[in-house]
Amino acid sequence: MPPKTKPRSKSRTADEKPARVPRPVKLLIVSLILLGVGGAAGVKFLQSTRGGVFLVDRGFDEPYARVQRDVGIALKRALEPYGLRRRIRTTDAPVPTTSRPPGTPIEWSIPCDDSTDLLRVNVSLTEAIEALGAEVRESEQFDHGRTLRFQVGTHMRDTHRLTLRRLGPSELRAAMPPTEHLPRVAIVIDDFGYSDGGIPREVLDLDLPLTVAILPGLRHSQDVLALAKKGHRCVLLHLPMEGSEPRNNDIEPITHTMSDAEIASFVRAYLESLPGVDGVNNHMGSVATADARVMGAVIKALEGRGLFFLDSLTSPKSVAYNTAVAAGLRAASNTMFLDDHTDRRDDVASRLHTLVETARARGHAIGIGHPHPWTFEALRDNLDYLETAGVELVTVCDIVRDASRDSTR
């Protein structure tokens with residue numbers, strides 16, 4: 001009688017071959033993966049300056065402004081070590097991007113000291129442009145080496161045309177008035193603290209002397225403070241104050257119902273949460289800043305700390321500036337809001353133009369904006385305009401410090 005054996009379990013499949021994926025399916029899967037990777041790489045390339053140059057040279061106009069902006073930044077950084085960035089002037093009257101016809105090259109005239117080595121400047125400009133993936137379309141020195149003509153852009157189109165001239169001392173003084181005689185423009189960006197990435201981070205990274213106003217007690221208030229200090233920014237405590245319309249405040253505001261002692265306690269606590277700020281401006285506050293007693297208590301709490309107060313002027317009835325000045329505190333006042341009641345980049349660009357014109361009329365102007373995408377885009381796209389409009393870009397710290405210095409002379 002044969003030995004008994006255990007029947008094989010139906011669940012065991014060790015000696016069964018797994019189902020094979022058909023070769024055409026494998027090829028399809030691999031192709032889709034490669035297409036996805038290649039597509040992502042392609043999109044990243046087209047979003048780069050090199051990709052923008054590629055598209056412009058093939059008849060696409062939309063990337064031209066982006067390429068022009070990137071080339072302008074590279075040129076300015078290359079000119080910085082030679083002290084020439086602040087000497088850039090547009091050949092014609094500068095206009096914001098909303099007023100300049102699309103595709104128009106920017107023309108710069110740059111007066112140089114008689115000792116400037118234009119050959120070295122030429123090399124630095126060329127290296128910066130080639131590293132960016134753009135093209136040097138013309139580079140020529142003439143007038144016995146005293147003038148450099150430098151044209152850059154894509155392979156087919158100019159974005160910038162530079163003329164650098166070496167001048168003697170008297171010619172240079174005539175071409176470049178001292179910066180202390182230039183109108184001054186300061187731009188403040190309020191409401192930092194909700195995030196340290198995205199648009200707020202891009203605003204912080206802008207190559208402009210922005211003044212940063214941070215709300216206290218938010219999740220990223222300390223992070224933004226650290227970033228702003230690392231970038232040597234002028235930093236303000238954006239002090240929450242009672243407005244005329246009830247809102248859901250993330251931080252408790254100073255109100256007209258508080259006693260002087262309560263106001264002082266709030267001001268101290270908010271200052272201690274953001275150590276090392278340079279000054280204070282009001283967040284909202286159309287009710288609180290119109291109350292002389294409230295503002296007197298706020299200003300008294302700021303005394304002896306080396307701080308200044310910027311009146312955001314959220315109400316025409318505000319007494320904040322006058323109260324600060326009367327108490328001997330350094331102070332300044334907002335000229336205009338750049339992005340109130342709009343979500344359009346072109347509106348903000350137009351207000352930047354108005355801010356510059358106001359500075360020319362008054363000697364200085366302060367504009368306040370917020371970390372909105374449209375505000376960031378307007379600032380980013382108008383860097384050339386702001387830097388070549390015949391004004392000096394400064395911080396509120398600069399304006400207050402210089403005003404204080406002038407008053408003591």
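Observations, loosely collected:
- Each residue in the range 181-200 was checked for being β-branched (V, I, T) and either assigned to a helix (DSSP H, G or I) or touching a Cys at 6+ places or on another chain (Cβ under 6 Å) (or both), and 1 of them qualify.
- Among residues of the range 337-351, those that are within 26 Å of P240 (Cα to Cα) and buried (at least 16 other Cβ atoms within 10 Å of the Cβ), counted: 6
- Boolean, F308 is aromatic (F, W, Y) and buried (at least 23 other Cβ atoms within 10 Å of the Cβ): yes
- Meets criteria (buried (at least 18 other Cβ atoms within 10 Å of the Cβ), touching a strand residue (DSSP E or B) at 6+ places or on another chain (Cβ under 9 Å) and either among the polar types (S, T, N, Q) or assigned to a helix (DSSP H, G or I) (or both)) for L271: yes
- Listed by first and then second residue, the pairs with beta-carbon distance under 8 Å, at least 6 apart or on different chains, first residue in the range 370-381 and outside any helix (DSSP H, G or I), second of a type in the set (A, V, I, L, M, F, W, C) and buried (at least 23 other Cβ atoms within 10 Å of the Cβ), are H370/I189; P371/I189; P371/F192.
- Condition check for G296: in the same structural domain as I189 (by TED's automatic domain parsing) and part of a loop (DSSP other than H, G, I, E, B): no
- Total residues in the range 311-336, condition surrounded by 21 or more Cβ atoms within 10 Å (Cβ to Cβ) and charged (D, E, K, R): 1
- Residue within the range 281-300 that is out of contact with any His (no Cβ under 8 Å at 6 or more places or on another chain), free of Cβ contacts under 8 Å to residues at least 12 places away in the same chain and more than 21 Å from I399 (Cβ to Cβ) present: no
- Across the range 335-351, the number of residues qualifying as out of contact with any Phe, Trp or Tyr (no Cβ under 9 Å at 6 or more places or on another chain) and part of a loop (DSSP other than H, G, I, E, B) comes to 4.
- Single unsatisfied condition, I199 versus (1) in contact (Cβ under 8 Å) with a residue 60 or more places away in the chain; (2) surrounded by fewer than 17 Cβ atoms within 10 Å (Cβ to Cβ); (3) assigned by TED's automatic domain parsing to the domain that holds L119; (4) β-branched (V, I, T): (3)
- Single residue of A403, A301, A332 found to be assigned to a helix (DSSP H, G or I), touching a Phe, Trp or Tyr at 6+ places or on another chain (Cβ under 9 Å) and either among the charged types (D, E, K, R) or within 30 Å of F266 (Cβ to Cβ) (or both): A301
- Unmet requirement for A226, which otherwise passes all of (1) in the same structural domain as N282 (by TED's automatic domain parsing); (2) assigned to a strand (DSSP E or B); (3) free of Cβ contacts under 8 Å to residues at least 12 places away in the same chain: (2)
- Matching entry among V235, V212, V277, V203 (being β-branched (V, I, T) and assigned to a helix (DSSP H, G or I)): V203
- Complete set of residues in the range 232-264 that are out of contact with any helix residue (DSSP H, G or I) (no Cβ under 7 Å at 6 or more places or on another chain) and either under 27 Å from R401 (Cα atoms) or among the aromatic types (F, W, Y) (or both): H232, R233, L236, H238, P240
The values are calculated or read from the model by the stated rules, or taken from the named source; none is laboratory data. Since this is a predicted model, take the numbers as computed values, not measurements. As a convention, Cβ positions derive from the backbone with ideal geometry for all residues, glycine included, and neighbour counts pool all protein chains shown.
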